[in-house]
Every structure is written in C-alpha cells, then in structure tokens.
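Beneath this line is the structure, given in structure tokens, with notes to follow.
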Amino acid sequence: LRGLNCLFESAGKLLSATISDKLRIDTRCECVGVEQQRFSTWLEHLPGPVAIYVVKMKPFPLPVLVTVSTGLLYGAVDRILGGSGRVTRVPRDFTQAEYTVADALVGPCVQRIVESLSDVVELEWEFENRFCNPSMAQILPSQDVVLSAYFQASGEFLIGDLRLLIPFVSLEPYL
C-alpha cells in the first residue's frame, strides 16, 4: 500500500499540471489518501452528488471506477466552453453533451493516473459508461476488497475531488 501511495502522489502532481492546462487556471491536486476497503464501504462514503465513470482498463478483468465531484466537473465544463468556471448551481445529472465536454478533462486525468501506474502494469483504458446515480455503480459484490485513491483538487474558485477505485483482485497479480 505504501508503494502504491507513492505512485498516486506522483499522479497527483501530474493531475495538477493536466487540470491547470485544460482549464487554463492555476490548480493544485494532491493525493490525500490511499485505502484498502470493502466495496460497500466505499459506496457508502461517496460524496454526493458525484459523476461516476466506469472505465475498462486492460488487462484488468474488472472495470475501474473514477468519480469526480459534480461541482468541480460542472465548473470545468463551463470553463472549457469559454465561461468563467464559477458556477452557482450544479445540476443533479449531466446531459450527454456535458459529459462529452467533461471527457476533455476526465480523459487526460485518467491517462495521467494510468501513466503513474506504468511501473506496476501497462494499462489501456476506455470509458464504458458515465452517470451520476451511485446506485448504478454496483459493479462488484459488496464484500469485495478494493483499492481507493483520493485526490483533492483546488484552484482559484474550483474545488473538488477525484476518486479512483480499483478492484483488489485486478491488482493482486501485479503486486
């Protein structure tokens, strides 16, 4: 776990540069926690509302989840579309068009995380699904053990978190 924590701290630095570049504002992102826990516990502690991305990462046999706080993501969508990024009201769910724009931020962030894990395993990724309803995130049995990495992003007016969830059974052969 300590070794993975170092890899995710490195990913946090890469995420800082990526988010700053995509949104054209100074942003800092840090890995503030790496935990091993049950999937049901992880689901219970999801901050709401949150955008959930189901990501296929080959050669992992099970999908990975990436969550982004909707305040951060909606501000990013506004910023990417030329707005200020300051949002006062965040919708409960995103439209397909908003998800497409959000992918311009989330995709490069997932790529940076994959790059940080390249010393452990070479991964190829693609989005399988995205939604805001946590009940749709039941991709594993409740008692399965997962690895959770928690990143906190903050900038001038944007603040939020990104979370990565990897089923431990997928990681185990590479550790």
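The values are calculated or read from the model by the stated rules, or taken from the named source; none is laboratory data. No experiment lies behind these values; they were computed from the predicted model shown. Positions of Cβ are generated from backbone atoms using ideal geometry, with glycine treated the same way; all protein chains shown enter the neighbour counts. Please note that ligands, DNA and RNA were not included when accessible areas were found on the heavy atoms of the full protein model with its side chains. Shrake-Rupley method; radii C 1.70, N 1.55, O 1.52, S 1.80 Å.
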Six or more apart or on different chains, Cβ under 9 Å: which pairs go from a residue in segment 112-127 that's closer than 19 Å to residue 29 by Cβ and touching a residue at least 12 places away in the same chain (Cβ under 8 Å) to one that's open to solvent by 40 Å² or more (accessible area, probe 1.4 Å) and in a loop (DSSP other than H, G, I, E, B)? Could you list them? 114/122
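Determine which member of the set 110, 106, 121 is of a type in the set (A, V, I, L, M), within 13 Å of the chain's Cα centre (by Cα) and more than 13 Å from residue 160 (Cβ to Cβ).
Working: 106 fails: more than 13 Å from residue 160 (Cβ to Cβ); 121 fails: within 13 Å of the chain's Cα centre (by Cα).
Only one candidate qualifies: 110.
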Reported set for segment 112-154 where residues are under 23 Å from residue 42 (Cα atoms), polar (S, T, N, Q) and open to solvent by 40 Å² or more (accessible area, probe 1.4 Å) is 129, 133, 135, 138, 142, 143, 152, 154
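Within the bounds of segment 57-67, is there any residue that is of a type in the set (Phe, Trp, Tyr) and over 14 Å from residue 160 (Cβ atoms)? First the steps, then the outcome.
Step one: list which residues in segment 57-67 are of a type in the set (Phe, Trp, Tyr), which gives 60.
Next, only the ones that are over 14 Å from residue 160 (Cβ atoms) stay: 60.
Taking every residue of segment 57-67 in turn, at least one turns out to be of a type in the set (Phe, Trp, Tyr) and over 14 Å from residue 160 (Cβ atoms).
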For segment 155-175, how many residues are within 23 Å of residue 70 (Cβ to Cβ), more than 13 Å from the chain's Cα centre (by Cα) and open to solvent by less than 50 Å² (accessible area, probe 1.4 Å)? 2
Taking the criterion of being of a type outside the set (Lys, Arg) and within 16 Å of the chain's Cα centre (by Cα), would at least one residue in segment 77-84 satisfy it? yes
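Using the structure shown, decide if residue 100 is more than 27 Å from residue 1 (Cβ to Cβ) and open to solvent by 50 Å² or more (accessible area, probe 1.4 Å). Steps first, answer last, please.
Details: more than 27 Å from residue 1 (Cβ to Cβ): yes; open to solvent by 50 Å² or more (accessible area, probe 1.4 Å): yes.
The answer is yes for residue 100.
Every residue, every condition in (1) modelled with pLDDT under 90; (2) under 19 Å from residue 104 (Cα atoms), yes or no:
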site: 2; (1), (2): yes, no
site: 9; (1), (2): no, no
site: 16; (1), (2): no, yes
site: 53; (1), (2): no, yes
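Restricting to segment 38-56, name every residue that is under 17 Å from residue 151 (Cβ atoms) and surrounded by 15 or more Cβ atoms within 10 Å (Cβ to Cβ).
Step one: list which residues in segment 38-56 are under 17 Å from residue 151 (Cβ atoms), which gives 42, 45-47, 50-53, 55.
Answer for segment 38-56, where residues must be under 17 Å from residue 151 (Cβ atoms) and surrounded by 15 or more Cβ atoms within 10 Å (Cβ to Cβ): 42, 46, 50, 51, 52, 53, 55.
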Out of segment 18-37, which residues are under 19 Å from residue 120 (Cα atoms) and either buried (at least 18 other Cβ atoms within 10 Å of the Cβ) or modelled with pLDDT under 90 (or both)? 31, 34
